[in-house]
Structure formats: C-alpha cells, structure tokens
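Some notes on the structure that comes next.
Read-outs throughout are calculated quantities, based only on the coordinates presented, and are distinct from any laboratory measurement. This structure is a prediction, so every number in the text was calculated from the model and none was measured. Glycine also receives a Cβ, built like all others from the backbone with ideal geometry; neighbour counts cover every protein chain displayed.
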Amino acid sequence: MLGSLWRVLASDETGGVVGALDERCGHGIRAPMHVHDDADEIFYVLDGNLTFFVGEHRVEAAPGAFVYLPRFVHHGFQVNSTEARVFNFVTPAGFEQLILDVGTLANYDDAPIPDDPHVKHGLPPEVFKKKYGMRVLPPGSK
C-alpha cells in the first residue's frame, strides 16, 4: 500500500488492545498527513532514516528511535534513506485492518515500490473516519 510493504504482526489475537505492523518503505515514501481520532500510534525505527511530522514539530528518526504519535495530533512521515524498516504499533487495534482491506497482497521480501502518496484508494473520506478512525488531511497540510 502506497509503495510500502507491510506485515501485520498482531491484530485480532490481542483482543483489540494493540495492532502491530512491520513496515518496509523505499526512499521518498511519504505517509500523508493524517489524524487518528481513536488511537495512539508508535513507531520504532529498525533501519533507515525518516522525518516524522508531529503537529508543528519535525522529528528526525534513525535506527533505535521511538516516536510516539498521540491521538488527535496530525502526523505523517517521509523516508530519507534508500529504505527504512519500522515496527508500527497502534492502540487500540484497528488501523491494521486498513492495510488488510485496502492493500494489495505482495511478497514481503520484494523491494518496496515507490508510489504517489496521494493515490486514491476508492474509499471516500467518511469511510476512513467511520471504519478506521482516521482522517487523511489535504496535500500540503502540516
């Protein structure tokens, strides 16, 4: 999805407490600015360098960085290195279902494919809000 490769590590098996994802992203991949209205999000950087945009702040993240993104705070990120790998946790669980519902099945060992981060997935904005508890902000939002 959006040029990244995702592996869902935990979802239903946690009873909805936490969703866990292993994500590989290629250079230049950007997660569009968005807000989770019902979940906190945490990234742990395994490999690569990323810039996170959290509210009005920029956070440079290298391997070993822990980035906390509280609910109601708009955020996004971009990959600055050739590739990056992160563990992504969402609590409570639910966001990982978006990956399962909208993503395209791929082999996790493949290389991430650069993609336009503003690709439309055929889901109207109200579906993101109602089903996944998130709002994608217009391009250029900070």
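List residues of the range 64-99, by number, whose backbone nitrogen lies under 18 Å from a label position 7 Å along Cα→C-beta of A106.
77-88, 96-99
Find out how many positive minus negative residues lie around L46, taking Lys and Arg as positive, Asp and Glu as negative, among other residues whose Cβ is under 13 Å from that of L46.
On the way: positive: R7, R24, R85; negative: D22, E23, D47, E83.
Result for the local shell: -1.
Kindly give Rg over Rh for the range 1-79, based on alpha-carbon atoms, with the Kirkwood expression for the hydrodynamic radius.
My calculation puts Rg/Rh at 0.95.
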